[in-house]
Amino acid sequence: MGNNDIFMKRWLSDKRRFADLINGSLFQGKQVFSAQHLKLENGEQAIVLQESDGTKITIRRFRDIIMSSDDGTRIVMLACENQQDINYAMPVRGMLYDALSYTEQVNSMKKVKKEKKQLKSGAEFLSGLRKEDHLIPVLTVIFYYGDTEYDGQIDLHGLLGIDRKEYEFLKKYVPNYQINLIDSKRLEDVNCFQTDLQIIFGMLKYKNNKKDLAQYVQSNKSYFGNLDVDSYNAAKALLGSQQYLKSEEQVNGGIDMCKALEDLYQDGVNEGIEKGLEQGLKSLISFMLDSGCNKVQILEKLKKDFSLDEVKAEEYFIKYSK
C-alpha cells in the first residue's frame, strides 16, 4: 500500500467521515448510516480451501476499511477500497472481497451451529445454515482519487463484454456484479456531504488552477487554516503530486494550508517572472550578437538594463551566446 492510500485510509477511517462518504455518495445525503452505530472491524479476510488430496490453499485479502453498522434494526457490513490508480479488473477484485466476506460468515455460523447441535437435516448439515438463516449484507464502495477520469468497467458484464452479439444469449444466465464507484474529483453535488468531505471535495474542482485553488482555500480559512495532520495529508493526496504543499505548523499543532497555498501560488508567480526574465536576456544577447556587438558591450548592457552584477551577467552571456 502506497503512502497516499495510507493517508486516505487514516482519513476515511474516522467514523463520521466514513458514514458521510456512504450517505453522501450513494444515498444523496440521506442519513442511512450513523457514525454512532459504526464499529471498525479487522480488515483481514481469509479462507482455507482443501483439495481432494488434502492440500490446503489459503486465500487472504486485506480490506482498506471495513466497519459494521448495527442500529438495532439492521446489521450491514460497510467496506471501502481506496484506489489512486485505475484497476481494470476491479469488478472481479470487488466480487472476490465480498465473496470472502460472505464465506467467512457462513463458516462462522456453521461452526457455532455445529457446536450447539442446531443443524438437523442433511441439507442443514451440508450447508452449515438453516433454511431461515440470513447472512449480513456487505456494501462495498470503491473510492477512486486518481487524476485521470475512471474509464474502467463498473460491472462484471461489462468486463466480460456480454453485450457483444455473440455473447448476448448468455446475459440472462451469467450473474452480474457491479461496483459502487466514487470518483472523488467528479462528484456532481458535494452539498450531499455533511462533514468536512464537502469542503475537501469542493476544493478538487480547482486543483488545476493554483490561483483559484488558493482563493477557494482562503475563502474557507476557518477550516484550512488549522488542519489536523490526517486531513492535510488527505488533501495533498487528493490534489496530486503536481500540487505539492509545504506544511506550515501552527503553535497549536495544526497545519495552515492557506499559508502553504499562498507560498505555492507565489512560487508560480516567481517562476513566471523568472521565465520572462530569461527570455528577455536571451533575446537581447542574441540581438546584440547579430548586430556585431562584442562581449564587453553586451555585458555592460545586461548589467545596466537588468541590474545584474558582473558574475550573473557573465553567466547569462555564456548560457545564451552559444
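The values are calculated or read from the model by the stated rules, or taken from the named source; none is laboratory data. Computed from a predicted model, the values in this text were never measured in an experiment. Reconstructed Cβ throughout: ideal geometry from the backbone, glycine too, with neighbour counts over all protein chains shown. Accessible surface is based on the protein model in full, side chains and every heavy atom, while ligands, DNA and RNA are left aside. Shrake-Rupley method; radii C 1.70, N 1.55, O 1.52, S 1.80 Å.
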Within the stretch 145-156, is even one residue exposed (fewer than 13 other Cβ atoms within 10 Å of the Cβ) and assigned to a helix (DSSP H, G or I)?
-> no
Are any of the residues in the stretch 273-281 of a type in the set (Asp, Glu), over 34 Å from the mean Cα position of the chain (by Cα), open to solvent by less than 70 Å² (accessible area, probe 1.4 Å) and at pLDDT 80 or above?
-> no
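Listed residues 139, 78; which is within 26 Å of the chain's Cα centre (by Cα), of a type in the set (A, V, I, L, M) and open to solvent by 20 Å² or more (accessible area, probe 1.4 Å)?
139
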Among the residues listed as 194, 198, the single one being at pLDDT 75 or above, within 30 Å of residue 32 (Cβ to Cβ), of a type outside the set (D, E, K, R) and assigned to a loop (DSSP other than H, G, I, E, B) = 194
Cross-chain or 6+ apart pairs with Cβ under 9 Å, the stretch 52-69 first and under 30 Å from residue 35 (Cβ atoms), then in a strand (DSSP E or B) and among the acidic types (Asp, Glu) = 60/44; 61/44; 62/44; 63/44; 63/81; 64/81; 65/81
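Within the stretch 218-236, which residues are in a helix (DSSP H, G or I), open to solvent by less than 10 Å² (accessible area, probe 1.4 Å) and either in contact with a Gly (Cβ under 9 Å, 6 or more places away or on another chain) or on the phi > 0 side of the Ramachandran plot (or both)?
If the condition is that a residue be in a helix (DSSP H, G or I), open to solvent by less than 10 Å² (accessible area, probe 1.4 Å) and either in contact with a Gly (Cβ under 9 Å, 6 or more places away or on another chain) or on the phi > 0 side of the Ramachandran plot (or both), then 232 is the only one that fits.
Given the structure, is residue 207 under 17 Å from the mean Cα position of the chain (by Cα) and among the charged types (D, E, K, R)?
Answer is yes for this residue.
Listed here are the residues, each with its yes/no results for (1) closer than 20 Å to residue 134 by Cβ; (2) of a type in the set (A, V, I, L, M, F, W, C); (3) at pLDDT 95 or above.
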site: 22; (1), (2), (3): no, yes, yes
site: 44; (1), (2), (3): no, no, no
site: 53; (1), (2), (3): no, no, no
site: 66; (1), (2), (3): yes, yes, yes
site: 78; (1), (2), (3): yes, yes, yes
site: 81; (1), (2), (3): no, no, yes
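One line per residue, one yes/no per condition, for (1) more than 24 Å from residue 102 (Cβ to Cβ); (2) more than 21 Å from the chain's Cα centre (by Cα); (3) buried (at least 20 other Cβ atoms within 10 Å of the Cβ):
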| site | (1), (2), (3) |
| --- | --- |
| 2 | yes, no, no |
| 5 | yes, no, no |
| 18 | no, no, yes |
| 27 | no, no, no |
Residue check, residue 268 open to solvent by less than 30 Å² (accessible area, probe 1.4 Å), in a helix (DSSP H, G or I) and at pLDDT below 85 | yes
